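Below is one structure, written out as structure tokens; comments come after it.
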Amino acid sequence: MAQVKYCLHCGHELSTRNINGRDYPACPVQNCEYVFWDNPLPIVAALIEYQGNVLLARNKSWPPKFFGLITGFLEKGESPENAVIREVKEELDLNAKVEGMIGVYPFPEQNQVIIAYYVSAEGEVKMGEELAEVKAVAPEKVRPWPFGTGHAVKDWLDKRSHH
């Protein structure tokens, strides 16, 4: 659980309140109803098909051989489809088109819910500031990983092999 120490409504130090059998940081001040629920954040992920290949990216903070899908936070007032198109533009400077949803995946290790899309993209790849490198992989050579967006990659590959 995140470390929130003070009420976001009145500024009082939070205590612990048991709600439905779980402990949550909550404001003890009478008439202040603030509870820090620590709900998972929605994340969008793009499995990008570009010039017949799948684009995988390595974030600057990741280990040297670790690659994944383009991901980002859903912003206030934004649809998941628009968010995934925006993220592809921000991270790779490509124009993306949503071809379909792959699925929705819990990612409890990061307290996130991943909304994954299959997108096609056009343009010239120009990496955004968060990325260390990008690689294009033939779809038949893509291998899913056992956590996070890897579940979406597995589902996309399974659907693709059935067509």
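Residues that are in a loop (DSSP other than H, G, I, E, B) and more than 30 Å from SER120 (Cβ to Cβ) within the stretch 30-48 comprise GLN30, ASN31, CYS32, GLU33, TYR34, PHE36, TRP37, ASP38, ASN39, listed in sequence order. Within the bounds of the stretch 57-72, is there any residue that is under 30 Å from THR16 (Cα atoms), aromatic (Phe, Trp, Tyr) and surrounded by fewer than 17 Cβ atoms within 10 Å (Cβ to Cβ)? Within the stretch 57-72, none of the residues are under 30 Å from THR16 (Cα atoms), aromatic (Phe, Trp, Tyr) and surrounded by fewer than 17 Cβ atoms within 10 Å (Cβ to Cβ). Scanning the stretch 1-29 for residues that are part of a strand (DSSP E or B) and under 20 Å from LEU41 (Cα atoms) gives ARG22, ASP23, TYR24, PRO25, ALA26. Only one of these is outside the structural domain of LEU157 (by TED's automatic domain parsing) and not β-branched (Val, Ile, Thr): ASN18, ASN82, ASN95, ASN53. Name it. Answer to the selection: ASN18.
Considering the stretch 75-123 alone, what residues qualify as being assigned to a strand (DSSP E or B) and of a type in the set (Lys, Arg)? So that I can check it myself, show each step before the final result.
The first filter runs over the stretch 75-123 and keeps only residues assigned to a strand (DSSP E or B), leaving 95-107, 112-122.
If the condition is that a residue be assigned to a strand (DSSP E or B) and of a type in the set (Lys, Arg), then LYS97 is the only one that fits.
When you check GLY148 against the structure, is it surrounded by 13 or more Cβ atoms within 10 Å (Cβ to Cβ) and closer than 12 Å to ALA46 by Cβ, yes or no? Explain how you work it out, then say what you get.
Details: surrounded by 13 or more Cβ atoms within 10 Å (Cβ to Cβ): yes; closer than 12 Å to ALA46 by Cβ: no.
Answer is no for this residue.
The values are calculated or read from the model by the stated rules, or taken from the named source; none is laboratory data. Since this is a predicted model, take the numbers as computed values, not measurements. Positions of Cβ are generated from backbone atoms using ideal geometry, with glycine treated the same way; all protein chains shown enter the neighbour counts.
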